[in-house]
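A quick write-up on the structure given underneath.
The values are calculated or read from the model by the stated rules, or taken from the named source; none is laboratory data. Keep in mind it's a predicted model, so treat the numbers as computed, not measured. Every residue, glycine among them, receives a Cβ derived from its backbone with ideal geometry; neighbour counts consider all protein chains shown.
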């Protein structure tokens, strides 16, 4: 009698418990769904490890930032003068931007400007102070041949006064004595050439994909040809003259 009474009661007690368990399980997907829909996964450029180049954008303000070490401060900056510059790179790190700036000024023989873009948090590197689009296109082509194939033109405020970073140049001749695919090999060749040729006017020129070692700043081809003979006597098998920009001799 006691056992018969106990069994129905046990069933009654278990049923609500099972029902509660089913109810909680059925609600679980709804809870997960609502929490997932509230998460916004947006692109964060700071998560990128590599430097990258940007395509041009319009209507985005940029702000010039001072160089950490400004060797030759600009004495005449034009305010409100609009023109064109050529963008060669955009990076996330300021130190990396300054490293690229230093090397680019050596290669391009132009002042390179670093501008910080607040919305994208990128440091953009620009070169040139072009008043017309035609002038900017000429600079862009020259920049591409010197190792910046993705360079493009941007509208920008420009300086109308000559930049103190500009090194006087003229067309003449140098003698090529070495070329390699790696910059390290070219730098070693420069050290050896300074000792072998006993002169300091030795340069590295980058013409994709090679780093070339050039010697001299000769105004005429006859001067360059004469040095070719000297280089051969000093152990260089195949030196030859190249027509290029040379440093103007100080008067």
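Remarks
- Unmet requirement for residue 110, which otherwise passes all of (1) crowded, with 19+ Cβ neighbours inside 10 Å; (2) assigned to a loop (DSSP other than H, G, I, E, B); (3) at pLDDT 90 or above: (3)
- Verdict on residue 83 being closer than 29 Å to residue 216 by Cα and either crowded, with 18+ Cβ neighbours inside 10 Å or under 20 Å from the mean Cα position of the chain (by Cα) (or both): no
- Candidate set: region 179-205, residues that are in contact with a helix residue (DSSP H, G or I) (Cβ under 6 Å, 6 or more places away or on another chain) and within 19 Å of residue 105 (Cα to Cα); chosen: the one surrounded by the most Cβ atoms within 10 Å (Cβ to Cβ): 202
- Count of region 113-123 residues, restricted to those that are under 15 Å from residue 158 (Cα atoms) and at pLDDT 90 or above, is 2.
- The residue list 134, 230, 143 contains one member that is in the same structural domain as residue 93 (by TED's automatic domain parsing), farther than 30 Å from residue 93 by Cα, free of Cβ contacts under 8 Å to residues at least 60 places away in the same chain and assigned to a helix (DSSP H, G or I), which is 134.
- When residue 154 is tested against the conditions (1) in a strand (DSSP E or B); (2) modelled with pLDDT of 90 or more; (3) in contact with a helix residue (DSSP H, G or I) (Cβ under 8 Å, 6 or more places away or on another chain), the lone failure is (3).
- Candidates 217, 201, 225 - the one that is closer than 23 Å to residue 170 by Cα and at pLDDT 95 or above: 225
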